[in-house]
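The values are calculated or read from the model by the stated rules, or taken from the named source; none is laboratory data. Given the structure is predicted, the values throughout are model-derived calculations rather than measurements. Counting neighbours? That spans all protein chains shown, and the Cβs are built from the backbone with ideal geometry, glycine included.
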Amino acid sequence: MQHNTIKATHRRMYHGRFDYAMAAQAVCKGNVRAVSWYNCRPAFAYGRPLMPATVIDGRALASDIYDELHGRVAALGGTVPGLAAIVVGDDPASASYLKNIARGCDRVGLVHEVRVLPHDIDQPALQTAISSLNADTRFHGIILQLPLPEHLDSLAAESAISPDKDIDGTSPVSAGRLLLGLETFFPSTAYGVKELLVRSGHSPEGRHVVICGRSNIVGKPLAAMLMQKQPGANATVTVCHTGTRDLREITLTADILVAAVGRPGTITADMVRGGAAVVDVGVNM
């Protein structure tokens, strides 16, 4: 009874808490960079000098989100949201990422715990560890740090996370609910891009958004989010990928261009029209 009550409270009160926290984390740790090209002229495509672009301050926006979350968590009174992270092995990149997550949790007043599992753990043992966290009422969100070692099935592990606690939105259930426009948790980096655009005054509503990249982490979920008929979305979305012909012709039609390929030099100045907003997810420029 107590567990069901807490789950119901989680659905009613916490839904979106971790989304905002992870969005802030994505922006603050430098995964999302943005440039507004409102002062640039189309003539740059022909080699003439560019006027300075306006850089969106993602760190300032992230700080605002942290402050909002801190107040909302404090208003919950005696019930403190909890976040559990699972790490398999001792990958330095994962350790750095989780350190940032922990710092963000401390800043907004969340309880957090990292469970480090051995690199050679087998699939059943990993699933058991996830199941134990699903049943642990101290934690309202679970993060499974990827990538997993090659001998493990990532999809099966992600599917084992309860949809009520899948705050990274990586499970098939969460992905399906997102596509259908139902209430769910969003992948943090994709949600960070949306928050960055909306909060900086570049709402995607009614605009043409071109997304370069179709990963399950950024491209696909961001496209699904921005297509929804709701405030801050309702955009016309084009997704480009390795099979796209005449990429430059498509990017030049974008009101908002999101580069999420992870390969330097993918997007160059002559691929952006004057007046467009550009978001660089990772290193693409």
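Here are a few things to note about the model shown:
- Residues satisfying the stated conditions in the stretch 79-107, i.e. loosely packed, with under 14 Cβ neighbours inside 10 Å and basic (Lys, Arg): Lys99, Arg103
- Only listed residue being buried (at least 19 other Cβ atoms within 10 Å of the Cβ) and more than 18 Å from Thr170 (Cβ to Cβ), chosen from Leu110, Leu76: Leu110
- Filtered residue count, the stretch 231-273, keeping only those that are in a loop (DSSP other than H, G, I, E, B) and either over 17 Å from Pro204 (Cα atoms) or under 22 Å from the mean Cα position of the chain (by Cα) (or both): 22
- Among residues of the stretch 162-189, those that are within 18 Å of Asn234 (Cα to Cα), part of a loop (DSSP other than H, G, I, E, B) and free of Cβ contacts under 8 Å to residues at least 40 places away in the same chain, counted: 2
- Some residue of the stretch 56-71 being at pLDDT 90 or above, crowded, with 18+ Cβ neighbours inside 10 Å, assigned by TED's automatic domain parsing to the domain that holds Asp120 and over 29 Å from Val279 (Cα atoms): no
- For the stretch 129-152, the candidate set comprises residues that are surrounded by 15 or more Cβ atoms within 10 Å (Cβ to Cβ) and among the β-branched types (Val, Ile, Thr); within that set, the residue that is farthest from the chain's Cα centre (by Cα) is Ile130.
- Residues satisfying the criterion are present in the stretch 88-97 (criterion: under 22 Å from Ser162 (Cβ atoms), modelled with pLDDT of 95 or more and not aromatic (Phe, Trp, Tyr)).
- Residue match in the stretch 202-216 (condition: surrounded by fewer than 24 Cβ atoms within 10 Å (Cβ to Cβ) and assigned to a helix (DSSP H, G or I)): no
- Qualifying position, being of a type in the set (Ser, Thr, Tyr), touching a His at 6+ places or on another chain (Cβ under 6 Å) and farther than 27 Å from Ser154 by Cα, among Thr244, Thr251, Thr236: Thr236
- Residue check for His119: surrounded by fewer than 15 Cβ atoms within 10 Å (Cβ to Cβ) and at pLDDT 95 or above: yes
- Within the stretch 132-161, the residues that satisfy the criterion of being aliphatic (A, V, I, L, M) and part of a helix (DSSP H, G or I) are Leu133, Ala135, Leu155, Ala156, Ala157, Ala160.
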